[in-house]
Amino acid sequence: MARWRSEFEALLRAHFDALYFAALDMSGNAADADDLTQEAAVKGLRRFDTFVPGTDFKAWMLRILANTYIDLYRRRRRERPAGTEDAVEALAEAVASLRPADLEFLLPEDIAAGLGRLADEQRAAIVLVDLHGLTNQEAADALGWPLGTVNSRLFRGRAQLKGILRRAADDHRAIGKRVT
Amino acid sequence: MNDDELRRVLQNALGGRRAPEEVRARVLSRLRRRPALLWAAAAAAAVSLAVGLTLLLRPRPTPPLIEAAFQQHSRGLVDEHAAGARTPRELAEITFEALGQSVQVPALRDAGFSPIQAHRCPPTGWVHVIYANHWLKLSCFMVDAAKAALPRGGRRVVHAGVETEVYERGALSAVAVRDGNVLKVWVADLRRDQLAAVAGDAELKRSQVRRVVLTVPGASLRPVEAILLGTVGVEDVWPEASRGEVSVLYDGRRVSLNEIEAVLALNGFEATSLGRDGR
């Protein structure tokens with residue numbers, strides 16, 4: 001058993017950064033990211049007997065993390081009222097999309113901030129699929145959503161993100177804030 | 001920029017980050033404080049396996065109502081029934097005629113499905129609403145709960161507090177859920193937990209989804225429809241060009257009528273609410 005735990009720990013160490021930042025990108029704050037990472041690690045250790053050696057440990061842990069996140073998300077969703085900015089900004093940012101030339105005006109923190117402004121469901125789908133390489137089906141299984149839901153949330157989330165980043169780039173361009 | 005390029009942007013910008021050392025140390029040290037965890041996990045796994053095998057091997061007959069739902073779903077569209085409906089007004093009318101009560105047709109846009117047709121089935125007394133997206137067709141059969149009890153004999157699955165009975169037939173799953181006076185049976189080519197999630201979410205949303213009819217005088221309804229569909233919280237939009245109206249289904253938890261009107265006003269469309277069902 002001790003060897004089992006040390007094997008799990010070694011794998012967790014190797015992929016800890018990815019796991020922690022997936023938690024941070026999905027939840028949007030460090031406190032939740034800490035809790036999510038901790039809880040996912042404990043669940044992973046409990047279920048380590050189901051992990052097939054030689055397969056993708058990172059993807060396996062990301063599925064556990066996503067499942068943990070969705071439980072937290074569902075508990076909190078009912079408490080959060082709709083915001084005026086969401087409806088208006090969702091429209092405004094969907095209008096103009098990102099262009100390759102806009103990247104000269106965007107820092108990594110701008111991109112992280114843009115991701116943080118997406119709706120929770122869209123952000124979770126993009127973090128798992130686009131940032132961490134899960135397939136759409138793996139993300140659907142992890143989040144407990146139908147595949148069609150993942151596909152539509154990815155589609156809308158990507159469109160929203162491109163609009164948000166385009167607007168950020170335009171703002172930086174207006175003040176001459178080039179980064180490359 | 002296409003989606004592959006966006007993916008590269010995200011990975012280049014956000015890959016290679018290092019987690020704070022104190023977080024890493026804290027998580028790993030807490031794992032080491034759980035020596036009994038693995039023994040408990042092994043014991044729990046053995047018990048679960050034994051229980052699972054027992055349940056799996058027990059034969060489960062399919063109730064007649066579920067059997068009929070599987071067949072009707074597979075047979076698909078209009079077949080000896082009334083003509084299909086398209087607009088929410090028509091969906092509401094057909095549902096009212098079939099069930100003798102005003103019942104909200106479930107909103108599934110969050111799950112990626114739009115209602116494309118509804119028809120009554122006089123022999124069974126139910127109304128069959130067909131939803132679809134690009135990949136999948138999904139059926140919702142609604143019947144007066146006074147005429148049909150919640151079928152038992154399936155697997156009980158609880159999704160976010162909503163209790164469902166789940167059945168399987170080959171690649172198809174069926175989920176039965178009772179919502180007050182109405183019994184709903186969902187059928188689709190989905191895994192049972194996925195379909196239970198769709199059905200459960202529809203129930204959770206039921207009390208929050210609202211419908212309003214807006215009149216937008218002098219405007220083409222196509223851009224209005226596009227703007228509304230891009231608004232967070234809007235479930236579905238049906239323009240009725242002959243009346244100059246657009247029917248909007250929205251989740252009241254995520255967007256209000258005032259916000260919808262504000263979004264349209266921001267884009268130069270003055271919309272007036274006619275209330276629910278245009279009354």
Can you tell me which of (1) on the phi > 0 side of the Ramachandran plot; (2) open to solvent by 40 Å² or more (accessible area, probe 1.4 Å); (3) not β-branched (Val, Ile, Thr) is the one A:ARG173 doesn't meet? (1)
Any residue in the range B:108-128 that is open to solvent by 20 Å² or more (accessible area, probe 1.4 Å), closer than 18 Å to B:LEU65 by Cα and at pLDDT 85 or above? no
Scanning the range A:142-162 residue by residue, those more than 9 Å from chain B (Cβ to nearest Cβ) and surrounded by fewer than 22 Cβ atoms within 10 Å (Cβ to Cβ) turn out to be none
So B:SER173 clears everything in (1) open to solvent by less than 10 Å² (accessible area, probe 1.4 Å); (2) touching a residue at least 24 places away in the same chain (Cβ under 8 Å) except one condition, right? Which one? (2)
Candidates B:ALA241, B:ALA265, B:ALA271, filtered to the one that is over 22 Å from the mean Cα position of the chain (by Cα), farther than 20 Å from B:ASP201 by Cα and modelled with pLDDT under 85: B:ALA241
So, B:SER273, is that one touching a helix residue (DSSP H, G or I) at 6+ places or on another chain (Cβ under 9 Å) and crowded, with 17+ Cβ neighbours inside 10 Å or not? no
Pairs with Cβ under 8 Å, 6+ apart, first in the range B:235-262 and within 23 Å of B:ASN133 (Cα to Cα), second in a loop (DSSP other than H, G, I, E, B) and open to solvent by 40 Å² or more (accessible area, probe 1.4 Å): B:TRP238/B:ARG86; B:ASP251/B:GLN208
Take the residues of the range A:107-126 that are buried (at least 23 other Cβ atoms within 10 Å of the Cβ) and facing chain B (nearest Cβ under 9 Å): which is modelled with the highest pLDDT? A:ILE126
Does B:VAL166 meet the test of being open to solvent by less than 10 Å² (accessible area, probe 1.4 Å), under 28 Å from A:TYR73 (Cα atoms) and at pLDDT 85 or above? yes
What are the residues in the range A:2-34 that are loosely packed, with under 15 Cβ neighbours inside 10 Å, facing another protein chain (nearest Cβ under 10 Å) and under 15 Å from the mean Cα position of the chain (by Cα), if any? A:ALA30
Of all strands (runs of 3 or more DSSP E) completely enclosed by the range B:130-169, which ones contain at least 3 residues that are within 16 Å of the chain's Cα centre (by Cα) and of a type in the set (Val, Ile, Thr)? B:162-169
Can you tell me which of A:VAL52, A:VAL42 is at pLDDT 85 or above and either more than 22 Å from the chain's Cα centre (by Cα) or not in a helix (DSSP H, G or I) (or both)? A:VAL52
Unmet requirement for B:VAL185, which otherwise passes all of (1) open to solvent by 50 Å² or more (accessible area, probe 1.4 Å); (2) at pLDDT 85 or above; (3) in contact with a strand residue (DSSP E or B) (Cβ under 9 Å, 6 or more places away or on another chain): (1)
Would you please list the contacts, defined by Cβ atoms under 8 Å and residues six or more apart or on different chains, that run from a residue in the range A:48-76 that is in contact (Cβ under 8 Å) with a residue 24 or more places away in the chain to a residue that is in a loop (DSSP other than H, G, I, E, B) and of a type in the set (A, V, I, L, M, F, W, C)? A:PHE57/A:PHE51; A:ALA59/A:LEU134; A:LEU62/A:LEU134; A:ARG63/A:LEU134
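The values are calculated or read from the model by the stated rules, or taken from the named source; none is laboratory data. None of these values were measured; they are calculated from a predicted model. A quick note on method: Cβ atoms are made from the backbone with ideal geometry, for glycine too, and the neighbour counts reach across all protein chains shown. Areas reflect the complete protein model, heavy atoms only, side chains present, ligands, DNA and RNA absent. Shrake-Rupley method; radii C 1.70, N 1.55, O 1.52, S 1.80 Å.
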